[in-house]
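J.: Below: one structure in structure tokens.
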Amino acid sequence: MSKHSEACCRVPPVVGEGYEPKGRYVELDGLKTYVTGPADADKAILLAYDIFGFFPQTLQGADILATGDVQVFMPDFFNGNPAKMEWYPPVSDEHKAILGEWFKTAQWSIHKPKLPGILQEAAKTNPNIKAWGIMGYCWGAKMASIVGGDEPGLFKAAVQTSPTAIDAEEGARVKIPTMLLASNGESAADVKQYEESLTVPKYVERFDDQLHGWMSARADLKDDRVRSEYERGYALALKFFHEHL
């Protein structure tokens, strides 16, 4: 990505509630997809959302990433059937059973094969795209980690936030520059082991006072501290993509 300006790394004012998304929805390879940013951009980011799907906090994040010179695509992998917020964390046996059943349809092995088709369809809407990054939240962070180890790679850089199922052996296979922004919901030891396993350009930080999902659906953006760390997380992600795409 061009390094002529740091303007693309600045986070616009974050809205605590009542956010109005700036993008639009299109169909890509059969999936409803949120698209935002310049329609003629030559760089793009695929966003893999968390289990709660198209939440306002995540849509706002997509718009933040598109404030520079990139186009952002967020597919609805779950086809309008995301997990419900009241299921998480699952405190009752009923919610544990419901969430367990739902996760049978959310296995990464089911959704990872969709990525090439999505990127190909996106390229038809914008033939200028020359490089892709991927950013994943929670569930999507695992997707970013997995595809980071693919050969040949679809993506040039990856960002993970509030990653789930952290696996150092998986980290050792990653072939692209990777950022990991963890919350206090992830094991500090697991985060450290994953960091040490990475042999690529990397940036890893644990946001010790932020809960799992603070950059996506579970972010309470009416809280000043959460909003500040949400903004800082996105500023870091923008800078990382600015340097590696």
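The values are calculated or read from the model by the stated rules, or taken from the named source; none is laboratory data. Note that this is a predicted model, so its numbers are computed, not measured. Positions of Cβ are generated from backbone atoms using ideal geometry, with glycine treated the same way; all protein chains shown enter the neighbour counts.
J.: Considering each of 31, 46 in turn, give the residue that is within 16 Å of the chain's Cα centre (by Cα) and modelled with pLDDT of 95 or more.
T.: Details: 31 fails: within 16 Å of the chain's Cα centre (by Cα).
Of the residues listed, the single one that is within 16 Å of the chain's Cα centre (by Cα) and modelled with pLDDT of 95 or more is 46.
J.: Among the residues of the range 173-184, what is the count of those that are surrounded by fewer than 20 Cβ atoms within 10 Å (Cβ to Cβ) and touching a Phe, Trp or Tyr at 6+ places or on another chain (Cβ under 9 Å)? So that I can check it myself, show each step before the final result.
T.: Initially, the range 173-184 is screened for residues surrounded by fewer than 20 Cβ atoms within 10 Å (Cβ to Cβ), giving 173, 175, 184.
Still in the list and also touching a Phe, Trp or Tyr at 6+ places or on another chain (Cβ under 9 Å): 184.
Result for the range 173-184: 1.
J.: Surrounded by fewer than 17 Cβ atoms within 10 Å (Cβ to Cβ) and either of a type in the set (Lys, Arg) or touching a Phe, Trp or Tyr at 6+ places or on another chain (Cβ under 7 Å) (or both): does that describe residue 225? Before the answer, list the steps.
T.: Working: surrounded by fewer than 17 Cβ atoms within 10 Å (Cβ to Cβ): yes; either of a type in the set (Lys, Arg) or touching a Phe, Trp or Tyr at 6+ places or on another chain (Cβ under 7 Å) (or both): yes.
Yes: the conditions hold for residue 225.
J.: Same structure again: Can you name the residue in the range 104-116 that is free of Cβ contacts under 8 Å to residues at least 12 places away in the same chain and outside any loop (DSSP other than H, G, I, E, B) and is also nearest to residue 142 (Cα to Cα) among such residues? Break it down stepwise before answering.
T.: Filtering the range 104-116 down to residues free of Cβ contacts under 8 Å to residues at least 12 places away in the same chain leaves 104, 107, 109-110, 113.
From what's left, outside any loop (DSSP other than H, G, I, E, B): 109-110, 113.
Values: 109: 11, 110: 13, 113: 14 Å.
Result: 109.
J.: Of all residues in the range 30-64, count the ones that are assigned to a strand (DSSP E or B) and within 18 Å of residue 128 (Cβ to Cβ).
T.: Selection size over the range 30-64: 7.
J.: Kindly indicate which of 86, 27, 94 is more than 27 Å from residue 177 (Cα to Cα), in contact with a His (Cβ under 9 Å, 6 or more places away or on another chain) and outside any loop (DSSP other than H, G, I, E, B). It would help to see each step written out before you state the result.
T.: Values: 27 fails: in contact with a His (Cβ under 9 Å, 6 or more places away or on another chain); 94 fails: in contact with a His (Cβ under 9 Å, 6 or more places away or on another chain).
Sole residue among the options that is more than 27 Å from residue 177 (Cα to Cα), in contact with a His (Cβ under 9 Å, 6 or more places away or on another chain) and outside any loop (DSSP other than H, G, I, E, B): 86.
J.: Right, another one. Would you say residue 114 is surrounded by 12 or more Cβ atoms within 10 Å (Cβ to Cβ), out of contact with any His (no Cβ under 7 Å at 6 or more places or on another chain), over 15 Å from residue 42 (Cβ atoms) and modelled with pLDDT under 95?
T.: Values: surrounded by 12 or more Cβ atoms within 10 Å (Cβ to Cβ): yes; out of contact with any His (no Cβ under 7 Å at 6 or more places or on another chain): yes; over 15 Å from residue 42 (Cβ atoms): yes; modelled with pLDDT under 95: no.
Spelling it out, it is not the case that residue 114 is surrounded by 12 or more Cβ atoms within 10 Å (Cβ to Cβ), out of contact with any His (no Cβ under 7 Å at 6 or more places or on another chain), over 15 Å from residue 42 (Cβ atoms) and modelled with pLDDT under 95.
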